[in-house]
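Since the structure comes first, as structure tokens, the remarks are kept for the end.
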Amino acid sequence: MSRATAHVDLEAISHNIRALQELASGSQFMLAVKSNAYGHGLHEVVRTGLEAGVSSFGVLESTAGIDLRAAGVQVPLFAWMHGQDTDFAAAAEARVDLGVQTFWQLEAIAASDAARTPRVHLKIDTGLHRGGADQPRWAEFVTEALRLQSLGKLEVVAAWSHLSDTSHSADLASTALFEAAVDEARSLGAEFELLHLGASAAVIDLPEAHFDLVRVGIAAYGISPFGDRSAADLGLRPAMQLRAPVLDARHGLASIAVGFGDGIQSDPDSGAYVVVDGHVAPVVEVGVDETVVALPSDADGISAGAPCIVFGDGSQGEATAEQWAVWGDTVGDEIVTGLTSRVPRSFSRR
């Protein structure tokens, strides 16, 4: 039985990358492809990024980096989420740079006896509290990393952090903290090839945080990182369209072959709607496998098999993923990344 399909417009991703590259033209461009490229398809997005001139990829977990190396990707790769079971030796052998946030990670990397010297990026917590060395222990953290480097156990190549994106002033303060931490590390003997701090929001709004490299995630997929400006406001194009066929239509209602088992919001606000065969149809109820919508009075001819757009770029009257995020009291990242593996992806270039 035909069910929901997520269609990914790779040309939209190329457009977004080029637009964002122009905003940070003095920095290297790392495209974040975590969580299967935010649900858009890892390998297809990586190929698109390479064609668009992306200089490196952020893969979150080292296993994804190892997978990309095996597929022939040669540009730098960066992984920063590690567990006790992470194979640091395999990551180093695959030339995956490692973001290091804790003392235990430093020690585990040093103890991995990798055939190739692991390259590490030292993270300082600048206020987001999403990992990184606490500021009072930063000097100790750097000193330990340099000690292990002197023993040939690893190579310190970068310093990095995350911004909170809570306000412009908070991010400026975090940027100043980052610069001070870098200065302190250099006074201890650290030599960094790269400094990186800013992500999607900073690329657009905070040039002070661009440094040597920017890490761009959700904006490259056509979803705004801001709550008060849409992708359209920023000149970005949403890359994903979720569509599903009508299963049945009667008594002014239609059931659509998509539900929260596919990853859409289970309890959206009362304003939620889809577009069925060109008609706006308010959502009545979202179930595990199907969604019931109310058909307008002029949609009498709709029957099983009719097309439905759940979200897309808005060009056919449908809501965007950003609008679904508003209805679900969440962020656009969750809407696209949350689509489950049972939703097949298709790809095109317009």
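None of the figures in this text is laboratory data; all of them are computed from the coordinates on show. Nothing here was measured: the structure is a model prediction, and the numbers come from that model. FYI the Cβ positions are ideal-geometry reconstructions off the backbone, even for glycines, and counts take in every protein chain you see.
Of note:
- Degrees, to the nearest 10: 168-187 long Cα axis against longest axis of the chain: 30
- Taking label positions 7 Å along the Cα-Cβ direction at both D298 and A89, the computed distance is 6.9 nm, reported to one decimal.
- Hydrodynamic radius of segment 240-348 per Kirkwood, over alpha carbon pairs, in Å: 13.6
- Segment 33-100 and segment 259-274: distance between their alpha carbon centers, rounded to Å: 32
- Normalised by 2.2 N^0.38 Å, where N is the number of residues, the C-alpha radius of gyration of segment 55-221 stands at 0.99.
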